[in-house]
Amino acid sequence: MPPMGLISPSYIYVCTRFRVRRTTLLPREEYLRIMRMSIPEVVAHLGRREYGQELMDLAHDFAGAQLIEEAVNSNLAQSFRHAIAIAPGDLQTLTGEYLNRWDIANIMAILRGTVHGIPRRQVRDLLIPAGEVDRALIDRLLGFTTCNEVIEALKDWRLYPVLAEYYRTCGEQGIFARIENELYRQYYAGLLDPGTFGCSGCQELIAYLRFEIDITNMRNLVRLHCGEEACDLTVIDQTMIPGGRIPIAFFRRLYGIETEGEFVNVFLQTDIVPVLAQAVRELRQDPGFSSVDAAELVWQRWHQHRRPIHEIEIAVTRIRLHHLESLSRRHPFSVLPVLAYLERKKYEVFNLRAIARGKAFDLPPERIWQYIVL
């Protein structure tokens, strides 16, 4: 990425274009209006926005809530492909590398669906072909009846060695979680190494990724702590993703704490606490909610081996997106404005899917709203 002062016009143009596109996403007020609409009214409303072409193309195969889900998924994949197509140089490389996380999500969904006999159409509806594994290969993978066939067909995928390591144990209890953990560990390791791309401007992205890794590791640690059986430190080491600002040794220490005072004192040392405190302040509209309050809130769920409240997880996601957008404003001609838009676009699609699904099950608007990320 060119240094400041030598930024090419193409970088300026593309980054500005994505900042403008960010302003076209659905605002809070529009979500509130959509909540009051029937499913046919939602379809008509979205048809007047950028989802019109997908809704028209898919209307002969789907209807109602499923039409909405299929159309917004298709639009999201198109948005990702378009971003890669128009980004120049290192912007294109970094955007593509970042979006390769969708390969992991897609392949794991296919493997789980294959082993558990989930209908192919149902699995396909979950997939977003945004990485190196394109729609043609995804459709081919969906045609296989065993996960060994799926893995064999992925020999040219960059992370195939991770799959090959577990080739003979495919379907064994707990194996998919181990495969998925290792795939993400390898994915982040590649992104965190600037030498991978020969890019001198990758530090802006790395700063955000380290923050993202810390949030992911804390979520994984809570998941392990809430498991039916206690795990040993080896499992923690295999599950945590290296490269965050918080060392893995810290998560090992936190896992073994059994008293509130020690837990709160240790947890307050992390950069996660201010994020959590800010998220809860905004969620509860409580300006007095402090970092100590946040640490004590986590302890209340932690010592009962219970996962965090869903609304708080959504609130933390909002803060993560705000952090990414803040970084994108500080580095306006880096890859961050591109990623900030794409992440917001992703959650717009997730929001619309949540609304469509909630309406299909006659959930009240206030219940659906708990799943909306703004």
With only Lys, Arg, Asp and Glu charged, each at its Cβ (+1 for the first two, -1 for the last two), find how big the charge dipole of the range 273-362 is about the Cα centre; round to the nearest 20 debye.
320
Taking the alpha-carbon centre of each part, the distance from the range 62-138 to the range 253-315 in Å is 33
Shape metrics for the range 28-137, restricted to C-alpha atoms - Rg then Dmax, Å
16.0, 45
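How large is the accessible surface per residue of the range 214-347, computed with a 1.4 Å probe and reported in Å² as a whole number?
Accessible area per residue: 46 Å².
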Round to a whole number: what % of the accessible area of the chain belongs to carbon and sulfur, probe 1.4 Å?
52
If every Lys and Arg gets +1 and every Asp and Glu gets -1 at its Cβ, then about the Cα centre the chain yields a dipole, in debye to the nearest 20, of 820
For the range 57-134, what is the accessible area per residue in Å² when the probe is 1.4 Å?
37
Proximal lysines relative to LYS359, as straight alpha-carbon distance under 23 Å, when same-chain residues fewer than 8 apart are discounted
LYS345, LYS346
If you build the convex hull over the alpha carbons only and average its shadow over all orientations, what do you get for the chain? Give it in nm² to one decimal.
19.8
Considering amide H positions built from the backbone, and no H for Pro or chain starts, which residues 5 or more places from ARG245, or on another chain, come under 5 Å of its amide H?
ASP214
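The values are calculated or read from the model by the stated rules, or taken from the named source; none is laboratory data. No experiment lies behind these values; they were computed from the predicted model shown. When we count neighbours, we look across all protein chains shown, and the Cβ atoms used for this are built from the backbone with ideal geometry, even at glycine. We work out accessible area using only protein heavy atoms, side chains counted, and drop any ligands, DNA or RNA first. Shrake-Rupley method; radii C 1.70, N 1.55, O 1.52, S 1.80 Å.
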